[in-house]
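Chemist: The structure follows.
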Amino acid sequence: MRCIPEEPEFGEGHHAEKAVWTSLRNSLPDDCVLAHSVQVRNGRNEYEIDLLVLWPNVGMAAIEVKGGQVSIMDGQWYQSDRTQKRRIQSPVAQSQSSLHALKNWLEQQLGARFSSRSIYMVSLPYTDVPCGWAMAGCPRPLILDQTESKSPAELVRQAIENEGGGAAPLAPAFLERLVGKLGGNLDTTVVPSTTAQEDEAAQDHLTERQSVLLEATRSLPRIRFTGGAGSGKTWLAVEKARMLSKQGKRVGLFCYNKGLGQYLQDRVATWRQAKPVFTGEFHEYVRGLGVPNGKGQDYFDVEMPRLLKELAAGMNPQERLDAVVVDEAQDFAPLWWEALLACTTDPSASEVYAFMDDRQDVYQRWGGATADLTNGPMASLVPIHINDNLRNTRKIAESFRPFAGEHFTPRGSTGLPVRFVDCPTEDALEVAGDCVEALIEEGWANNQIALLTTKDRHPIHLDYFKREATEEYWREFHANQAEFYGHVLGFKGLERSVVVLCVNGFKDMGRAPEQLYVGLSRARSLLVIVGDSGLLEKAGGRELKQALSRTQAWKPTLNGG
C-alpha cells in the first residue's frame, strides 16, 4: 500500500495519530493510498487533515484524530489527559471543514468538479463511544472509537459508501491524478502542461480577444457577424448586448433554441446593472407581449410573426427596442425578422447585430431564405467575417474542417487525439454509454461530459421529453453537476469539455452534414465519435473519411467488464 509520505514523522504528542495510521496501514487493501498530515489552504484559511484515505472504486475519507479521553457536555467537546481537562474545537467540524477545503482546492487544481464519494470522520483511539450514541451533524458511523480504531478499514469503507456525499466511486485513474497533486512531486525537468484546464483557459483568452471586432465596428449600426463553429460568436453577441445596455439602450438579446436561451439568461443574470430588457428565445418574447400561443410549425413560422407585427403597430415608444442582438441568426425565419424589427424604435434604422453560421442551418425549414444574403432579411446588414476557430483544440477542429469552409482557421492548442469507436449503427447508443462510463473511470469528471445523438434520443433525454420537463432538463444542464444527454439539434451554441457524439442514424440524410458539423464542434478538449464508418462516410463524404483516418481507434474498457 502507498503512503504519503512513505515514512511519516510523528512528533512528540502525536502518538494517537501514529497508532491510527498504523492500524489503517495494516488493514487497508494494497491498492489504497494513505496520506498523513495533509496541509490545505483555502483562501486565507489553513487546514490540516490528520489522515486521508483514498480507496479506489470506493471513495475518500478525511479523518481527524483526537487522543486522550474525549467527552462532550452540552455540545462542548473536551479532551482530558492525566493532568487536565480542556475545551477543544469539535473534531467533527474540523474534519468536515478540512474535507471541504481539500475538495475546493482539488477542483481548482484539476479544473473539474469533485464528484467522487467522500466523507469526514473522527478517530478517538483512547475513548469508548457507545453504539447508540449520536448527535446532530454526526451519525455514529462517522466515529471510530477505542475498539474500532484498532482495525478500522471496513468501517471506513462503510462510512464512505453509506454516509458519504458524491455521485460516484473514486475512479482509479482519478485517484492517480489526486495522488499527483497530494504528493507535490517537483521534477527538475519542466515540461509544457497539456491539461484540458490549461487548454480551455487559453481558448477563453483567445475568445475574449475577439472584443477587438466590436471596438473596430462600433460605428456600424447594422452588422452580420459570420463565422464558423467555435469562433466566439455567442461570446461576442453577449458582449455586444452588454455594451449597448451600458449605453442606456433598450436591448433585446435573442436566439432560437431553449438550451442556448437559458445559457444567455444565465450570463446576463451575473451583471449587476444595465441588462437587456429581454434575453432568451424569440417565441418567449412574443408570448410575453401578449401574442397567444399556438401549435404547428406554420403557426410559429407564419401566423405568430404576423400577429406580432400587428401588435407592434400599436406599441408605446417606451416598449420598443433600440437595438436587437440575435445569436445563431441563421435559425431565424424570414418573417421573424420583419416582425422583430417592427418592435424597434425605427424598423429601418434601429441597431441590428446578427451572429450566424450559415453552414449550421440544421433546421433547413425556410429553403435557405434566412441565409440568402442577397435578397433575404439580412441582406442590408454589413458583413463581418470571423475565420478563426478558438473554442476547440486543433485535433478536434480538424475533424469538422470539411464542413467549415475554405477560410476556416484553427487557432487552439494541439490537444488530445480525437477517438473513434467504429460500431454498427444499431449498437451506437449502448456503446456511447460505455464510453461515458470509461471516460469517468479515466478521471474525467461527469459534469465535463455530454453525450449527443444524431437521431433517436438517449433514454435519459427521452424521459424528460415524455414528461414535458424541458425547463428542468435545461436547468440541470446549466447547473453543470452531471453528465448531459442531448441531441445535436438542441445543442447549438453550447459546449462541454468532452463530447461523445453518438451517430445512431439520421432521419434525413440531406441534413446529415449540418448535424455532423454541429456535433463534431461541441467539444473543447476531447471528442469521441461513435458510429458506423460507412454511414459517416456517406453522410460526410470523402473528406470526413480522411479526417476519421487520423483519429485514434478506441474501444472503451470498463473495470470488471
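The values are calculated or read from the model by the stated rules, or taken from the named source; none is laboratory data. Just so you know, these numbers come straight off a predicted model, no measurement behind them. Heads up, the Cβs are rebuilt from the backbone with ideal geometry, glycines too, and the neighbour counts pull from every protein chain shown. What goes into the accessible areas is simple: the full protein's heavy atoms, side chains included, and nothing from ligands, DNA or RNA. Shrake-Rupley method; radii C 1.70, N 1.55, O 1.52, S 1.80 Å.
Chemist: Go through Lys466/Lys545; Lys240/Lys395; Lys295/Lys466; Lys233/Lys455; Lys258/Lys455 and tell me which ones have a Cα-Cα distance over 28 Å in this structure.
Modeler: With Cα atoms farther than 28 Å apart: Lys466/Lys545; Lys240/Lys395.
Chemist: Here is a follow-up. Within the chain, what whole-number % of the accessible surface is contributed by carbon and sulfur, with the 1.4 Å probe and all protein chains included in the calculation?
Modeler: Taking all protein chains in place, the chain shows 47 percent carbon and sulfur surface.
Chemist: Eigenvalues of the Cα gyration tensor times 5, then square-rooted: what semi-axes does that give for the range 249-361, in whole angstrom, largest first?
Modeler: Result for the range 249-361: semi-axes of 20, 18, 14 Å.
Chemist: Over all distinct alpha-carbon pairs, what is the Kirkwood Rh of the range 514-557 in angstrom?
Modeler: About 11.4 Å for the range 514-557.
Chemist: How much length is gained if the chain between Tyr78 and Arg44 is pulled fully straight, taking 0.36 nm per residue apart and subtracting their Cα-Cα distance, in nm to one decimal?
Modeler: Difference between extended and current length: 9.5 nm.
Chemist: With Rg and the Kirkwood Rh both taken from Cα atoms, where does Rg over Rh land for the chain?
Modeler: Result for the chain is an Rg/Rh of 1.06.
Chemist: On to the next question. Treat each spin label as a single point 7 Å out from the Cα along the C-beta direction, and report the Glu338 to Ser211 distance in nm.
Modeler: So the label points at Glu338 and Ser211 sit 3.9 nm apart.
Chemist: Which order do peptides 249-262, 430-443 fall in by mean Cβ count within 10 Å, highest first?
Modeler: 249-262, 430-443
Chemist: Please compute the volume of the convex hull spanned by the alpha-carbon atoms of the range 34-182 and report it per residue in Å³.
Modeler: Hull volume normalised by residue count: 119 Å³.
Chemist: To the nearest 10 degrees, how steep is helix 153-163 against the longest Cα principal axis of the chain, on a 0 to 90 scale?
Modeler: Compared with the principal axis, the helix lies near 40 degrees.
Chemist: So for each of 457-466, 396-405 I average, over its residues, the number of other beta carbons within 10 Å; can you give me the resulting order with the highest mean first?
Modeler: Order by mean packing, descending: 396-405, 457-466.
Chemist: Ok, one more. Under a 1.4 Å probe, what is the accessible area of the chain per residue, stated in Å²?
Modeler: Heavy-atom accessible area per residue stands at 46 Å².
Chemist: What nm distance separates the two modelled labels at Tyr299 and Glu319, each placed 7 Å from Cα along Cα→Cβ?
Modeler: 2.2
Chemist: Multiply the residue separation of Glu7 and Ala173 by 0.36 nm, subtract the distance between their alpha-carbon atoms, and state the gained length in nm to one decimal.
Modeler: Separation in residues times 0.36 nm, less the Cα-Cα distance, equals 57.3 nm.
Chemist: Moving on. Nearest 10 degrees, 0 to 90: what angle lies between the long axis of helix 172-183 and the longest principal axis of the chain (Cα atoms)?
Modeler: Once rounded, one gets 70 degrees.
Chemist: Compute the relative contact order of the range 418-561 as a whole-number percentage, counting only Cα pairs closer than 8 Å that sit 6 or more residues apart in sequence.
Modeler: Dividing the mean separation by the residue count of the range 418-561 yields 39 percent.
Chemist: Then there's this: Measure nothing but the geometry: give the 0 to 90° angle between the long axis through the Cα atoms of 258-269 and the longest principal axis through the Cα atoms of the chain, rounded to 10°.
Modeler: The answer is roughly 70 degrees.
Chemist: Taking the highest mean first, how do the peptides 229-235, 88-94, 444-450 order by number of other beta carbon atoms within 10 angstrom per residue?
Modeler: 229-235, 444-450, 88-94
Chemist: A further question follows. Cut-off 20 Å, label point 7 angstrom out along Cα-to-Cβ of Lys150: give me the residues of the range 1-23 whose amide nitrogen falls inside.
Modeler: Output list for this probe position: 15-23.
Chemist: Provide the descending list of Cα extents for the range 452-527 along its principal axes, expressed in whole angstroms.
Modeler: Rounded to whole Å, the extents work out to 31, 29, 18 Å.
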